[in-house]
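The structure under discussion appears below in the form of structure tokens.
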Amino acid sequence: MKSLEISTTYQVGTSSHAGFKFLTQEEYDELATDNYISDLSYNLIIGVPESEELNEDYTEIRYTEAESAKHGYSYPIKGKLPEKYNEIATCMTVLDDFGLPHELGQVVHLKMNNGFTTYEGDFYVCGFWEKPADTVANQIYVSKSFQEEFSPTWKNREDYDRCFQVNSYCGSINPGFNFKTSFNISGQMNRRSLKCYSCIDCYFCCAPLSMTYN
């Protein structure tokens with residue numbers, strides 16, 4: 001059963017018990033005050049890749065906190081997460097798509113769209129990892145400075161509505177967190193303090209509901 005749980009978390013893309021999608025900064029700040037959850041961290045959608053090298057290989061471009069990357073099996077085994085504006089960290093699969101060796105300092109020419117504008121430029125690989133075979137999406141992580149310039153964090157529901165008018169999630173916060181136990185995650189997510197988010201945003205349960213492993 002333990003191996004089944006691990007396989008499930010690979011497929012979902014995170015080992016966190018649960019999380020939300022498409023939150024604003026206001027909503028995330030409120031979530032952070034909930035004492036019932038722990039290990040709260042987030043990633044943020046940046047844009048849709050338009051590089052030809054990635055056309056046949058599903059890839060997401062995001063900013064991430066370190067803990068979110070660790071829970072998402074996408075923390076660099078060599079190098080680090082991006083700090084400078086033109087740095088990226090990514091999986092070896094993406095390096096293979098671009099025909100690049102698994103080495104730091106490689107230059108990746110990326111083109112991406114955030115629903116409003118397109119960016120195209122060179123990025124330097126500052127970190128990479130091997131993606132688990134059961135994980136669906138490749139990840140490319142950018143720096144916080146690039147993220148805030150290209151896809152600023154949604155501050156409130158006005159930003160949410162503006163982006164959804166063009167069917168864009170870029171700038172949205174996607175947090176993950178744990179409970180004290182992984183038993184009956186669905187029931188725990190339906191607590192009054194968390195249910196207010198699930199009525200407007202998707203949430204996911206990352207461990208089988210019958211599991212009791214922590």
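The numbers here are math on the coordinates, done by the rules we state, and not lab data. Treat the numbers as computed from the prediction; the structure is a model and nothing was measured. No Cβ is skipped: glycine too gets one built from the backbone with ideal geometry, and neighbour counts run over all protein chains shown.
Descriptive notes on the structure:
- Other residues whose C-beta falls under 12 angstrom from the C-beta of residue 50 contribute a net charge of -2, scoring Lys and Arg +1 and Asp and Glu -1.
- Secondary structure note: in segment 8-205, about 75% of the DSSP beta bridges are antiparallel.
- For a label point 7 Å along the Cα-to-beta-carbon line of residue 162, residues of segment 39-62 with backbone N under 17 Å: 45-47
- Sparse-neighbourhood loop sites, chymotrypsin sites (Phe, Trp or Tyr not before Pro) in segment 51-140 - DSSP loop, at most 10 other Cβ within 10 angstrom: 58
- Counting other Cβ atoms within 10 Å as a rough exposure proxy, the listed residues 37, 77 run 77, 37 from fewest neighbours to most.
- The loop-placed trypsin sites (Lys or Arg not before Pro) in segment 44-141, going by DSSP, that have at most 16 neighbouring Cβ atoms within 10 Å of their Cβ come out as 80, 84.
- Cβ crowding within 10 Å, taken as a proxy for footprinting-reagent exposure, orders 51, 182 from fewest neighbours to most as 51, 182.
- From least to most packed, judged by other beta carbons within 10 angstrom and beginning with the fewest, 163, 170 follow the order 163, 170.
- Inter-part distance where segment 43-105 and segment 118-186 are each reduced to a Cα centre, Å: 11
- For segment 8-205, the relative contact order is 37 percent, taking Cα pairs closer than 8 Å that sit 6 or more residues apart in sequence and dividing their mean separation by the residue count.
- Entries of 21/84; 84/180; 78/155 with Cα pairs more than 32 Å apart: 84/180; 78/155
- Size of electric dipole in segment 8-205: Cβ of Lys, Arg +1 and of Asp, Glu -1, about Cα centre, debye, nearest 20: 780
- Label sites at residue 122 and residue 180, each approximated as a point 7 angstrom past Cα along Cα to Cβ, lie 5.5 nm apart.
- A Förster distance of 35 Å, applied to the separation of the beta-carbon atoms of residue 102 and residue 149, puts the FRET efficiency at 0.75.
- For segment 8-205, alpha-carbon Rg over 2.2 N^0.38 Å: 1.02
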